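To keep things clear, I will list the structure first and then write my remarks on it.
The numbers here are math on the coordinates, done by the rules we state, and not lab data. This one's a predicted model, so the numbers in the text were calculated from it and none came from an experiment. Cβ placement follows ideal geometry from the backbone for every residue including glycine, while neighbour counts extend to all protein chains displayed.
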Amino acid sequence: AKSLGKARYAIFDKDMQDQSLKRLVLERELRQAIGTEQIFMAYQPIVTVAEGDVVGFEALVRWKHPEMGVVRPDHFIHVAEETGLIVPLGRWVLEESCRELMLIRQAMPGFEFTMNVNLSKRQLVQPDVVDMLVEVVENAGVDPQWIKLEITESVIMDGQAQVTVVLEEMRRRGFKLAMDDFGTGHSSLSCLHQFPIDVLKIDRSFVSSLDHHVEFAAVIQAIVTLAHTLGLTVVAEGIETMEQLAVLQALDCDSLQGYLFAKPLPLQEVLEFLSAPRSY
Ligand code: C2E
Ligand code: CA
Ligand code: CA
Ligand code: CA
């Protein structure tokens with residue numbers, strides 16, 4: 001029995017070693033990839049409910065690993081956060097999103113849109129985060145009003161006072177703020193008014209609930225109504241089907257994002273998407 005216990009322990013231990021080895025390799029490779037062509041941005045269009053007009057994009061980072069292929073952010077963002085690599089990576093993400101935003105503006109004169117950029121908790125608590133944001137947009141010639149910073153509900157909600165102060169400072173500098181993944185955290189609707197935000201992004205899980213529970217539309221409607229009362233605009237995320245679209249069109253959401261309209265696209269495909277006629 002003793003040796004069996006030992007053997008089991010050894011297996012467990014080996015798994016743990018494999019895990020931490022994988023993380024170490026991932027961390028090292030990610031560190032080396034930042035600043036090379038392996039890391040690039042994709043932009044997912046955000047469209048109005050009424051006309052389907054593009055009003056913005058969400059900037060989403062991509063890593064094309066030489067052996068593993070395209071690695072999804074779900075697999076490396078948390079490593080970047082835990083190791084602190086998110087700080088240089090996040091700065092690069094903002095720089096690149098601003099640079100490509102300017103290229104879209106040049107290619108499409110008169111087209112007004114905003115660029116949504118994700119900010120992680122680790123970035124938010126950097127003492128110089130606001131200076132960094134201001135410096136990057138100024139260097140790129142980007143008006144901060146064109147940038148919407150997406151911060152998840154959970155980061156905002158368990159926000160120490162410190163987080164709220166930083167958010168207020170960002171807004172004073174002209175940036176717009178979006179609460180991301182609304183509905184996945186523990187927040188209640190009654191707290192919403194406390195936070196200095198401009199946009200509410202309703203999480204994809206709410207939209208997919210509609211597939212099996214159409215009565216869930218009433219929940220979404222209640223959120224939208226309250227958000228509007230507070231002066232927020234509302235984006236619903238993860239629209240995949242015409243059925244979901246039909247339900248959301250009957251609600252008062254302002255804009256929509258999802259594979260039904262477009263997947264996240266590299267810059268060249270964004271430009272093609274913008275010049276092609278569309279119908280949903
Ligand atoms: P998120 O901020 O909630 O971003 C939306 C995610 O939903 C994206 O996944 C997007 O591709 C996906 N999505 C959009 N429409 C649909 C749809 O109709 N159906 C489905 N199933 N998915 C849809 P992605 O690009 O894999 O990113 C995953 C997460 O990684 C993001 O979730 C965000 O938390 C994080 N992330 C991505 N890029 C960045 C970044 O540049 N900085 C930071 N800090 N986090 C990032
Ligand atoms: Ca987001
Ligand atoms: Ca989201
Ligand atoms: Ca998410």
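The figures follow:
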{"quantity": "Positions within region 28-48 being outside any strand (DSSP E or B) and within 15 Å of ligand 1 (Cβ to nearest atom), in sequence order", "calculated": "LEU30, ALA33, ILE34, GLY35, GLN38"}
{"quantity": "All positions within region 96-111 that are in a loop (DSSP other than H, G, I, E, B) and closer than 21 Å to PRO264 by Cβ", "calculated": "MET108, PHE111"}
{"quantity": "In region 217-260, the residues that are β-branched (Val, Ile, Thr) and either more than 17 Å from ALA50 (Cα to Cα) or assigned to a helix (DSSP H, G or I) (or both)", "calculated": "VAL219, ILE220, ILE223, VAL224, THR225, THR229, VAL247"}
{"quantity": "Checking CYS98 against (1) over 30 Å from GLN244 (Cα atoms); (2) surrounded by fewer than 16 Cβ atoms within 10 Å (Cβ to Cβ); (3) of a type in the set (A, V, I, L, M, F, W, C), the condition it does not meet", "calculated": "(2)"}
{"quantity": "When residues of region 215-267 are limited to those that are more than 20 Å from VAL61 (Cα to Cα), of a type in the set (S, T, N, Q) and touching a residue at least 12 places away in the same chain (Cβ under 8 Å), the one surrounded by the most Cβ atoms within 10 Å (Cβ to Cβ)", "calculated": "SER255"}
